[in-house]
Amino acid sequence: MTPADRQPRPPLRIAVLASGRGSNLLAILDAIAAGILDATVAGVFSDKSRAPVLERARSAGLDAHALVPREFPNRLEFDAAMFDAIEQTAPDLVVCAGYMRLISEPQVTRMAGRMVNIHPSLLPAFKGLHTHQQALDAGVAHHGASVHFVTPELDGGPVIAQARVPVMPGDDAEVLSARVLEREHPLLVAVLRAFAAGRIALEDGRVTFDGMAIHAPLQLGLDNALTPAPHPAA
Ligand code: GRF
């Protein structure tokens, strides 16, 4: 009888929450098809009935659901209905990828440790929208993307991993966002691979990697693997 921690793990069941074009969903599906991510997408959910991500999901044969906020009396009831629908798919992890709504506290609490978001900045810098223009306006030398656990604070949860890109002279928001998006996809896949292997958890508000609380976000290397951030110089 193999020890419990070495028994084969079932594929990670992922529910994707998105409002837009769905390139992160495609990155997940491509990684599954390539055999580098042991997961299944149990469902794709959106607040926009015409979001391209839903069409992409349906084309991939996935269950795709849109819940329309104006059909609910208020935000709390919309969010409760959305997450009731998500829970129906029994996900291990909910991935917010371009979901353009703040999720209300009761649902965030319900999903604590089981919901992550990918955000196109090196958090805690540049929360909210138009992150690439914020980075350009701030004149930073590096920018990038973060995957973090979702908490009630917008883009404020414990950061799991980051991918960094240089800001180049002459960059505008469009060019910079494309450079960041190119690294978002392997970043998200690397984080999901780590979840699928049972290597990441949220414990007492801290991200643990292989059972150890991390002192800084994991870093995505050029080999698209995650490595612990170097300890600050003693
Ligand atoms: C990504 O840039 C993500 O970081 C942000 O919204 C965008 C979603 O892109 N939250 P897509 O819909 O996955 O292509």
_Take residue 16 and tell me if it is assigned to a helix (DSSP H, G or I), under 28 Å from residue 225 (Cβ atoms) and within 15 Å of the ligand (Cβ to nearest atom)._
no
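I want to confirm something. Restricting to the stretch 174-193 and keeping residues that are away from the ligand (no atom under 12 Å from the Cβ) and over 27 Å from residue 208 (Cβ atoms), which single residue is surrounded by the most Cβ atoms within 10 Å (Cβ to Cβ)?
Narrowing the stretch 174-193 to residues away from the ligand (no atom under 12 Å from the Cβ): 174-175, 186, 189-193.
Then keep just the ones that are over 27 Å from residue 208 (Cβ atoms); that gives 174-175.
On the way: 174: 9, 175: 14.
Here the residue is 175.
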Residue hits (the stretch 14-26; closer than 17 Å to residue 55 by Cβ, in contact with a helix residue (DSSP H, G or I) (Cβ under 6 Å, 6 or more places away or on another chain), buried (at least 20 other Cβ atoms within 10 Å of the Cβ) and not β-branched (Val, Ile, Thr)) are 18, 22, 24, 25
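So which residues in the stretch 149-190 are touching a residue at least 60 places away in the same chain (Cβ under 8 Å) and not charged (D, E, K, R)? Explain how you work it out, then say what you get.
Restricting attention to the stretch 149-190, the residues satisfying the condition of being touching a residue at least 60 places away in the same chain (Cβ under 8 Å) are 161, 180-181, 184-189.
Listed by number, the residues that qualify are 161, 180, 181, 185, 186, 187, 188, 189.
Which of the following residues is under 23 Å from residue 130 (Cα atoms), out of contact with any Leu (no Cβ under 7 Å at 6 or more places or on another chain) and outside any loop (DSSP other than H, G, I, E, B): 76, 54, 26? Steps first, please.
Numbers: 76 fails: under 23 Å from residue 130 (Cα atoms); 54 fails: under 23 Å from residue 130 (Cα atoms).
From the options 76, 54, 26, the qualifying one is 26.
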Exactly one of 95, 108 is among the β-branched types (Val, Ile, Thr) and within 15 Å of the ligand (Cβ to nearest atom), and that residue is 95
State yes or no: is residue 201 modelled with pLDDT of 95 or more, surrounded by fewer than 19 Cβ atoms within 10 Å (Cβ to Cβ) and assigned to a strand (DSSP E or B)? yes
In the stretch 40-77, anything more than 16 Å from the ligand (Cβ to nearest atom), hydrophobic (A, V, I, L, M, F, W, C) and out of contact with any Lys or Arg (no Cβ under 7 Å at 6 or more places or on another chain) is listed as 67, 68, 72, 76
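So, of the residues in the stretch 215-232 that are part of a loop (DSSP other than H, G, I, E, B) and under 18 Å from the mean Cα position of the chain (by Cα), which turns out to be surrounded by the most Cβ atoms within 10 Å (Cβ to Cβ)? Before you say what the answer is, go through the steps one by one.
Let us first name the residues in the stretch 215-232 that are part of a loop (DSSP other than H, G, I, E, B), namely 215-217, 221-225, 228-232.
When the remaining residues are screened for being under 18 Å from the mean Cα position of the chain (by Cα), the result is 216-217, 221, 224-225.
On the way: 216: 13, 217: 22, 221: 12, 224: 15, 225: 13.
Across the stretch 215-232, the extreme among qualifying residues is 217.
For the stretch 111-129: of the residues being of a type outside the set (A, V, I, L, M) and away from the ligand (no atom under 11 Å from the Cβ), which is surrounded by the most Cβ atoms within 10 Å (Cβ to Cβ)?
So the first thing to find is which residues in the stretch 111-129 are of a type outside the set (A, V, I, L, M), and the list is 113-114, 117, 119-121, 124, 126-128.
Checking which are away from the ligand (no atom under 11 Å from the Cβ) leaves us with 113-114, 124, 126-127.
Numbers: 113: 15, 114: 15, 124: 11, 126: 22, 127: 15.
Only one residue tops the list, namely 126.
The values are calculated or read from the model by the stated rules, or taken from the named source; none is laboratory data. What you see is a predicted model; the values in this text were computed from it and never measured. Note that we place each Cβ from the backbone using ideal geometry, even for glycine, and neighbour counts take in every protein chain shown.
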